[in-house]
Each structure stands twice: as C-alpha cells, then as structure tokens.
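The values are calculated or read from the model by the stated rules, or taken from the named source; none is laboratory data. Source: prediction; values computed, not measured. With ideal geometry, Cβ positions are generated from the backbone for all residues, glycine too; neighbour counts draw on all protein chains shown. Side chains are part of the model used for accessible areas, which takes the heavy atoms of the whole protein and leaves out ligands, DNA and RNA. Shrake-Rupley method; radii C 1.70, N 1.55, O 1.52, S 1.80 Å.
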Amino acid sequence: MSDQVLADRLFFTDAGLDRRSVEGLVTTALADADDGELFLEYVQSEMLAFDDGRLKAASFDVTQGFGLRAVAGEATGYAHASVLDEAAIKRAGEAVGAVTRGYSGEMALTPMQTNAKLYDDLNPIAGVAFETKVALLSEIDAYARAKDPRVRQVSASIAGEWRAVQIIRAGGAAIGDVRPLVRVNVTVMVGEGDRQETGSHGMGGRVGFDRFIEAATWQGAVDEALRQALVNLASVPAPAGEMPVVLGPGWPGILLHEAIGHGLEGDFNRKGTSAFAGLLGQRVASPGVTVVDDGTLPDRRGSITVDDEGTPSQRTVLIEDGILVGYLQDRQNARLMGMQPTGNGRRQSHAHAPMPRMTNTMMLDGAHDPAEIIASVKGRGLYAVNFGGGQVDITSGKFVFSAAEAYLIEDGKIGPAVKGATLIGNGPDALTKVRMIGSDSRLDPGIGTCGKDGQSVPVGVGQPTLRLDGLTVGGTA
C-alpha cells in the first residue's frame, strides 16, 4: 500500500473527512496567500523504560490533528487543533485568513512529486509484542550485570513511533508520508569504592525493532556502554589550555551540527543573524572541508521522503572545499531570499509551523588515515571520541561541549582517558582550524534529536576523524 493511499484511508475513510470539502476549505483559506498548506497528522507512540532491575515506565499514546498555515510575504498565520473535522478546519481557515486581509499574493508552485521511498511504512510498535520488548529489556539488564562485578546500575529503554502525514495545498494537490521511528538506549553505571562512572550507547532509525532484538545487536550496545563506563572509571583529570584536538568519527559530528549547522539554516541568514549571512561564495572553512545535509539516506533517523511542506528531501551541499555554497531552506525563506527550497521545512507536529531544519548533516571524507592524524600531534593534545551535553549560541556559533569519552594525546600516541574535558570555541572559527580530515566518515548510530525554537525533530550527524588546531580545552587538572 502506498503512503498516499494509507494516508487517505487514515484521514478520510477512517476519520470521516470528505476530501472535496476539505480541499475547498483549504483553497478558500489560502485564496490571497503566497503559500500555505493543510498538514494532517496521525501518530502512535510507545515507550518502555527498565531501571533498577524492573520495568519502571510504560506508555502508549495516540494523537492526531491538523495545522493550517497561510503565508503572506514575511507574515505567517497558523492555526491547529487536535481533532480531525471539517468544522475545525473551517474555523482555522477563518483565523489564518487574517494574515491575508488587504493582501493579494500569488500562490507559489506546488512542490514536485517524488516516487522515492526511503523507509517502509511498517508500524514498529505493532511489529513486536509488548511482552517481547519487556523481556528484551530484562535480558539487557541481566547481561550487563553478568559482564562485570563492578556494574552497579543498568538503565535501558525502547521507544517507537509510527507517524502518518498528508499535506494538502490550495487546488487539491496532496502528498502523504508514513514515517516509522525507533530508538534503543542502554546506560551502565560502574563503581569501585566511592567512585562511580557511567557509559551509554543508543541506536535507532526509520526501521522496525526486528534488527535491534537480535542478540548480537543489543549485546553489542551493552558491551559499548560498559566499555565507556570502565574507561571513565580509570580516567584522570583532564588538562586545560589551548591545544590540538582530534575528534573521532560519527557522533562527534554533533559539534558540527550544533555550532555550524544551525547557522546555515535559511531563516537565520535571511534575517542576518547568522555568522554566515552574506558569505555565499566566500571561504568559511579550511580547504578540504565539505559539509552536506542529506535527507535521502534510506532508513536513517534524520531522513524524510518529503519535508513537512511536501517538498521532496534532497542532498544539499552547504560548504564545498571550504567555500560556502548553500543554505538549508523551507519554502517561505527560499522565496524571500530568491532561492529554491531544499526540502528542509520541518515541524515537530501538527501544532507547530514548519521552519528550516537539518536532516542528516555530515562532513565528507578527506585523504588522511585516522592513525596518521593521531600521530601528527606532537606534544600534548586531546582525542575526543564521544560527547555528552553542550551549549551553543546559534547566532554567534559560540559553543561549550562536554566530552563523554576522551583521551590525552602524548607525542603522537593515545594516552590515558581523561575526565571533565570540555571544548570551548566558536563554530565558524573552528571551521578554519581544521588541519587534517580523515578517510573514515560515518554517521551516528541513530540517536540524534535537534531542538530549535521549542520544536524537536529527529536528525543524524556524522563526520570523519578531524584534527583542529588551537581549540580551548577546559579541564579539571
């Protein structure tokens, strides 16, 4: 069954909406607008959490609703409701019509359709029995505790979601998308005497739970969380100061995402609040640095067949060999900037208007072997392979990130693990400090969630091993 047929069934056959009537309401509401759409949504979500040797939380939720948007120049009218009925849509149309009073716009062209199918329309929640999920969490707990006598606490969780959307534009053009999403997380606490440390590992994507309930997969996640915890248990205080920093591949791309990626979103650049505003065609990074946002990768957490305005997802080159060549655009900001939408108009739910957001953002491979990069650091440096929390000023790009796993580099060799290391810097400035780019680029294991203006959406991040010179490291030594 195609996504469009499935969406039709959910919103019109099951919910009882009349398509012709709804199309007429949308066309009337957007009569004088430049752009806009009716966004219909149905979501099932489930979460199970296992802690302290027992199931601590279990939830299942069903939500549905619509959001109606009218765009007139820089102004936006938005109304939403958690019901699916024509009376509510009509009232929403009257509300958003306020933005077009006295305005006569020309409706933007409907996005091109796509036959791409980046993920299955399966419902991951229904695909595996509740009892099987509980048993898996119990097995994770028992396996972790049996691995090492220093294990003091184990926390594990499973989350699944099945989201169906349909975007209807003035004139009746419609596109549907059905989006599965799962995530599995494991956290292990170990201790010796009075000292305790933790490690964690997560994995997920737009797939079913089947691959994650295979023993080799979830045991690998537990092994990785335990390894991190034991590494941290043996760590020494991190030094402080300015030094070369080597970032590992994969999840450390979260620094690229937060400190640089947001500054490449169209709304910040249109308003002139991004450090990258007005710099198209100019060098903003070291030679060799190429950054892309790719929402077309099959089954990835950040991928979307179409964005939440109905624009097909695409691979957008943002920085090419150090030169800024593009921004991430939704339809409104693209029109106002005289550019093309890039399929990055995303929203958290029907209760939120879309805005430019990242999908899977990554730096591409360079030419250096990762071992060569480590060996190139003479004297003292830091090797950061995993990150925890951080803070970023999106406008300036200033960041502070805490390393969840890091090591000293001493004369080109990896030394002891260090605890309490933070990276402090400025994203645009850090791009110019990249000195070596590895040949081992990879994406994170499927755990990213991005927040912006109170909205959260699933994303992916990635990069190869990188050497950056002259970063400030905060430490406790």
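Could you tell me whether Ala367 is exposed (fewer than 15 other Cβ atoms within 10 Å of the Cβ), closer than 23 Å to Val292 by Cα and over 22 Å from the mean Cα position of the chain (by Cα)? The answer is yes for Ala367. Only a single criterion out of (1) touching a Ser or Thr at 6+ places or on another chain (Cβ under 9 Å); (2) modelled with pLDDT of 95 or more is not satisfied by Leu443, namely (1). Selection of segment 103-156 for residues being within 30 Å of Leu226 (Cβ to Cβ) and β-branched (Val, Ile, Thr) yields Ile125, Val128, Thr132, Val134, Ile140, Val151, Val154. Picking from residues in segment 412-423 that are touching a helix residue (DSSP H, G or I) at 6+ places or on another chain (Cβ under 9 Å) and free of Cβ contacts under 8 Å to residues at least 40 places away in the same chain, the one that is most open to solvent (accessible area, probe 1.4 Å) is Lys413. Screening Pro356 with (1) open to solvent by 40 Å² or more (accessible area, probe 1.4 Å); (2) touching a helix residue (DSSP H, G or I) at 6+ places or on another chain (Cβ under 6 Å) gives one miss only, at (1). Within segment 83-105, residues that are more than 20 Å from Thr63 (Cα to Cα) sit with their Cβ atoms under 8 Å from residues that are β-branched (Val, Ile, Thr) and assigned to a helix (DSSP H, G or I), at 6+ positions apart or across chains, in these pairs: Gly93/Val26; Gly93/Thr28. If you go through segment 310-343 and keep only what is over 16 Å from Ile260 (Cα atoms), open to solvent by less than 40 Å² (accessible area, probe 1.4 Å) and under 17 Å from the mean Cα position of the chain (by Cα), you end up with Ser313, Asp330, Thr342, Gly343. Among the residues of segment 57-85, those identified as closer than 18 Å to Ser104 by Cα and either more than 26 Å from the chain's Cα centre (by Cα) or crowded, with 22+ Cβ neighbours inside 10 Å (or both) are Arg69, Ala70, Val71, Ala72, Gly73, Glu74, Ala75, Gly77. Restricted to strands (runs of 3 or more DSSP E) entirely inside segment 393-477, those with at least 2 residues that are farther than 30 Å from Val186 by Cα are 398-410, 422-426, 434-437, 466-474. What do you reckon, is Gln282 surrounded by 24 or more Cβ atoms within 10 Å (Cβ to Cβ), farther than 30 Å from Arg211 by Cα and out of contact with any helix residue (DSSP H, G or I) (no Cβ under 8 Å at 6 or more places or on another chain)? Spelling it out, it is not the case that Gln282 is surrounded by 24 or more Cβ atoms within 10 Å (Cβ to Cβ), farther than 30 Å from Arg211 by Cα and out of contact with any helix residue (DSSP H, G or I) (no Cβ under 8 Å at 6 or more places or on another chain). Screening Gly172 against (1) more than 18 Å from the chain's Cα centre (by Cα); (2) in a strand (DSSP E or B) leaves a single unmet condition, (2). With respect to Gly220, determine if the residue is surrounded by fewer than 16 Cβ atoms within 10 Å (Cβ to Cβ), modelled with pLDDT of 95 or more, of a type outside the set (Asp, Glu) and in contact with a strand residue (DSSP E or B) (Cβ under 6 Å, 6 or more places away or on another chain). No; evaluated as a whole, the condition is false for this residue. Please indicate, with yes or no, whether at least one residue in segment 451-468 is out of contact with any Pro (no Cβ under 7 Å at 6 or more places or on another chain) and polar (S, T, N, Q). Within segment 451-468 (the criterion being out of contact with any Pro (no Cβ under 7 Å at 6 or more places or on another chain) and polar (S, T, N, Q)), the answer is yes, since at least one residue qualifies. Looking at Arg145, Arg163, just one residue is in a helix (DSSP H, G or I) and not aliphatic (A, V, I, L, M), and that residue is Arg145. If the condition is being open to solvent by 10 Å² or more (accessible area, probe 1.4 Å), in contact with a Lys or Arg (Cβ under 6 Å, 6 or more places away or on another chain) and closer than 22 Å to Ser349 by Cβ, then segment 424-477 contributes only Pro458.
Only one entry in Val99, Val182, Val134, Val151 is over 21 Å from Gly202 (Cα atoms) and among the aliphatic types (A, V, I, L, M), namely Val99.
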